[in-house]
Amino acid sequence: MSAEQDLVKVMKQEVGKAAAARVKSGSIVGLGTGSTTAYAIQFLGDRLKSGEIKDIQGIPTSFQAEVLAKQYGIPLTTLDATDRIDIAIDGADEVDPQKNLIKGGGAAHTREKIVDSLAELFIVVVDSGKLVDRLGSTFLLPVEVLPMAIAPVTRAIEKLGGKPELRMGIRKAGPVITDQGNMVIDVKFDRIDDPAGLEKTLNNIPGVLENGLFVGVTDLVLVGEVKDGQAIVREF
Ligand code: 5RP
């Protein structure tokens with residue numbers, strides 16, 4: 001691992017730890033997806049194991065989050081069994097100055113949006129490389145699509161001015177299949193001037209399940225950054 005990769009790992013660990021530290025006993029916790037949230041799940045499990053907190057239950061946003069929760073001893077529940085989520089912790093691929101997000105780098109944005117938007121407190125955990133002035137500047141926008149609608153949805157997105165690409169698997173022939181059995185189209189838009197409008201427009205295309213724009217959902221962003229060679233966590 002290069003020195004730069006080491007620093008990114010430490011930033012992710014520190015924000016994960018800072019987010020896990022905010023979970024109180026008795027909470028129902030939305031468990032996000034991705035490499036940064038994975039550290040939050042690990043630290044949450046450590047706090048539970050040490051007795052520092054008790055009686056928490058997790059609601060996973062993906063197969064990955066479910067596996068990690070089981071590995072670190074966090075009991076799980078479902079949205080059928082509870083009518084509240086106290087706190088959700090999740091990563092992001094881009095964060096703009098209004099705390100709007102692009103998510104879906106792990107193809108889990110549909111379940112993430114359900115869980116994160118239900119949470120009383122939604123905390124986003126990112127390293128400083130994820131902060132952007134305008135959404136869509138560094139990351140393509142993921143859109144989850146029912147497989148039988150891939151062709152018409154692709155055409156509809158092109159009509160909106162987007163450049164769609166079907167997300168392909170790595171070490172798997174063919175497209176990425178989501179936890180729900182769907183596919184993901186990653187879309188390049190030259191500019192996303194109206195994230196709230198685009199979020200609705202995309203979700204109105206028949207066959208689209210959900211897109212990765214999270215507008216007005218975030219309460220708090222914890223940013224891991226490096227200052228004087230040390231990883232620190234700042235809030236925004
Ligand atoms: C998964 C996501 C992730 O939260 C996002 O991709 C960030 O992941 P990482 O912390 O690994 O950079 O939206 O669908």
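Scoring Y72 on the criteria (1) open to solvent by less than 60 Å² (accessible area, probe 1.4 Å); (2) away from the ligand (no atom under 12 Å from the Cβ); (3) touching a Gly at 6+ places or on another chain (Cβ under 7 Å) leaves a single failure, condition (1).
Note on the range 130-153: residues that are surrounded by fewer than 19 Cβ atoms within 10 Å (Cβ to Cβ) and over 16 Å from L101 (Cα atoms) total 7. The set of residues from the range 160-175 being surrounded by fewer than 13 Cβ atoms within 10 Å (Cβ to Cβ) and under 15 Å from I192 (Cα atoms) comprises G161, K163.
Evaluating E14 against the criteria (1) out of contact with any strand residue (DSSP E or B) (no Cβ under 7 Å at 6 or more places or on another chain); (2) open to solvent by 20 Å² or more (accessible area, probe 1.4 Å) leaves one unmet condition, (1).
Would you check if G34 is of a type in the set (G, A, S), in contact with a strand residue (DSSP E or B) (Cβ under 9 Å, 6 or more places away or on another chain) and under 26 Å from S137 (Cβ atoms)? When the stated conditions are applied, G34 passes them. Output the residue which, of all residues in the range 106-122 that are away from the ligand (no atom under 12 Å from the Cβ), in contact with a strand residue (DSSP E or B) (Cβ under 6 Å, 6 or more places away or on another chain) and aliphatic (A, V, I, L, M), is least open to solvent (accessible area, probe 1.4 Å). So the residue we want is A119. Given the condition away from the ligand (no atom under 16 Å from the Cβ) and open to solvent by 60 Å² or more (accessible area, probe 1.4 Å), answer yes or no: does some residue in the range 82-94 qualify? Scanning the range 82-94, I find at least one residue that is away from the ligand (no atom under 16 Å from the Cβ) and open to solvent by 60 Å² or more (accessible area, probe 1.4 Å), so the answer is yes. Scanning the range 199-229 for residues that are without any contact (Cβ under 8 Å) to a residue 40 or more places away in the chain and crowded, with 18+ Cβ neighbours inside 10 Å yields a count of 1.
The values are calculated or read from the model by the stated rules, or taken from the named source; none is laboratory data. What you see is a predicted model, and the numbers here were worked out from it, not measured in a lab. Don't worry about glycine lacking a Cβ; one is built from the backbone with ideal geometry, like all the others, and counts go over all protein chains shown. These area figures cover heavy atoms from the full protein model, side chains too; ligands, DNA and RNA do not enter into them. Shrake-Rupley method; radii C 1.70, N 1.55, O 1.52, S 1.80 Å.
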